[in-house]
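Undergrad: Could you have a look at this structure, given as structure tokens, before my questions?
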């Protein structure tokens, strides 16, 4: 006999009223018309808010994940801009690197400016030595042009003129033959700063250096990067480096630089000039943008800067430079190809950091660069302040800033190659850093001490307990710095996953 289906039970009114969800959603008993209208209005408003939230979530989903934000902080010439260029050249995806290559024409001009500026420092050193010798007065411990060259903190009295090396007629003749470089420098300054005055020392542009003691700077807007390239509007996906420079430009500074190349080499390699620079405590080979050991190459008629040249080139920028890119990843669990990174290069003075910090309260990481080689130098703007001590105080202000309390901290103790060379040359760290005491004057001991000093400030003054990722670097070393940047990238991705409550 076939089975018969039991009839479905019918819920009575009593059973429906016993359902808690039904009771919760039911209108109140004995609801008045006014109360009913108020309730319906409230429900409509709540639904509108819910719909708006849903739409915002959908927009955020379409837009993709929030970008990873990184601040680059440190003193002027600590290596911030070089690190930014490293990110741009070696961590971005290939199609984003195209913009970096398209800027080579303007970086060529920067390299040329660096060369001319270095020669001008030597020429002015000769002029100042002549004047001091004629007056029989000691050469001042701080020279007017040492704002560009590393400014050495004096620990000894000024050198008397009797100890200056004797200059010859050949030196004076070289100085005269190199005089056209002043016009080359003026032309490069006007073009790089987009300024119009024809007089190099005219006061109408605050961006132009007033004599050799001031360093030129450009705006962080980046307009200067495109003014030399004839292909900035080219839509081709690829092009040769040779094609991005207008070789037919009659005002190309490379023509004069090539003509003066032999004289520049003679001047730089002359033993008496080298001795004069040592006496006047000018170590221009330590400054960013030093190319005098590569004059044959960088003054060649069709010179195009290499990636390494661009990393070494020095151009001071004011303001905040923003660079957006999507990191190139090698696949795997930590890959996040859709995540955009925003890197901000912020001016190094403590006042600037204080001014900009409120705008970066949602920053993911701070990469702080401390040039530990500058222990024997003073600030250009205040000769009484040691650069290393100023860097320590800037680091302390970052650690203590409550607006940056949630940021990961990455410390680059930079310019290790320069520090090692200084110590090997006999310059003693203890002469400038009293707390170093009787420790050995070698790189291993000095670097260990400086790392302990910076780490101790992090431990004692951080507003939040957080790890510190410390690296010894020389950011112009592309191979090692690329590996470090890769580890920083992985660290930030791990941090984002941890904040998202994902295990790794």
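The values are calculated or read from the model by the stated rules, or taken from the named source; none is laboratory data. Keep in mind that this is a model prediction, so the values were computed, not measured. In this analysis, Cβ positions are derived from the backbone assuming ideal geometry, glycine residues included, and neighbour counts consider all displayed protein chains.
Undergrad: For region 387-408, name all the residues that are out of contact with any helix residue (DSSP H, G or I) (no Cβ under 7 Å at 6 or more places or on another chain) and outside any helix (DSSP H, G or I).
TA: 405, 406, 407
For (1) under 20 Å from residue 379 (Cβ atoms); (2) crowded, with 19+ Cβ neighbours inside 10 Å; (3) under 18 Å from the mean Cα position of the chain (by Cα), each residue gets a yes or a no:
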position: 397; (1), (2), (3): yes, no, no
position: 464; (1), (2), (3): no, no, no
position: 471; (1), (2), (3): no, yes, yes
position: 475; (1), (2), (3): no, yes, yes
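Undergrad: Are there helices (runs of 4 or more DSSP H) fully within region 1-85 with at least 1 residues that are surrounded by 10 or more Cβ atoms within 10 Å (Cβ to Cβ) and modelled with pLDDT of 65 or more? List them.
TA: 20-25, 33-63
Undergrad: Among the residues of region 428-448, count how many are surrounded by fewer than 17 Cβ atoms within 10 Å (Cβ to Cβ) and either without any contact (Cβ under 8 Å) to a residue 24 or more places away in the chain or not in a helix (DSSP H, G or I) (or both).
TA: Residues meeting the conditions: 12.
Undergrad: On to the next question. Is it the case that region 269-285 has a residue that's within 18 Å of residue 112 (Cα to Cα), at pLDDT below 90 and surrounded by 15 or more Cβ atoms within 10 Å (Cβ to Cβ)?
TA: Yes, some residue in region 269-285 is within 18 Å of residue 112 (Cα to Cα), at pLDDT below 90 and surrounded by 15 or more Cβ atoms within 10 Å (Cβ to Cβ).
Undergrad: Name, by its number, the condition in (1) under 16 Å from residue 78 (Cβ atoms); (2) in contact with a helix residue (DSSP H, G or I) (Cβ under 6 Å, 6 or more places away or on another chain) that does not hold for residue 432.
TA: Result: residue 432 passes all but (1).
Undergrad: How many of the residues in region 352-387 are over 17 Å from residue 70 (Cα atoms) and over 18 Å from the mean Cα position of the chain (by Cα)?
TA: Total satisfying the criteria: 12.
Undergrad: Another question, then. Please verify whether residue 301 is assigned to a loop (DSSP other than H, G, I, E, B) and at pLDDT 90 or above, treating the condition exactly as stated. Reasoning before the result, please.
TA: Numbers: assigned to a loop (DSSP other than H, G, I, E, B): yes; at pLDDT 90 or above: no.
Answer is no for this residue.
Undergrad: Could you figure out which of (1) out of contact with any helix residue (DSSP H, G or I) (no Cβ under 6 Å at 6 or more places or on another chain); (2) at pLDDT below 85; (3) outside the structural domain of residue 260 (by TED's automatic domain parsing) isn't true of residue 350?
TA: The one condition residue 350 does not meet is (1).
Undergrad: Please work out if residue 415 is within 21 Å of residue 76 (Cα to Cα) and touching a residue at least 24 places away in the same chain (Cβ under 8 Å).
TA: So residue 415 fits the description; yes.
Undergrad: Scanning region 138-194 for residues that are part of a helix (DSSP H, G or I), surrounded by 15 or more Cβ atoms within 10 Å (Cβ to Cβ) and out of contact with any helix residue (DSSP H, G or I) (no Cβ under 8 Å at 6 or more places or on another chain), which turns out modelled with the lowest pLDDT?
TA: Among residues in region 138-194 that are part of a helix (DSSP H, G or I), surrounded by 15 or more Cβ atoms within 10 Å (Cβ to Cβ) and out of contact with any helix residue (DSSP H, G or I) (no Cβ under 8 Å at 6 or more places or on another chain), the one modelled with the lowest pLDDT is 190.
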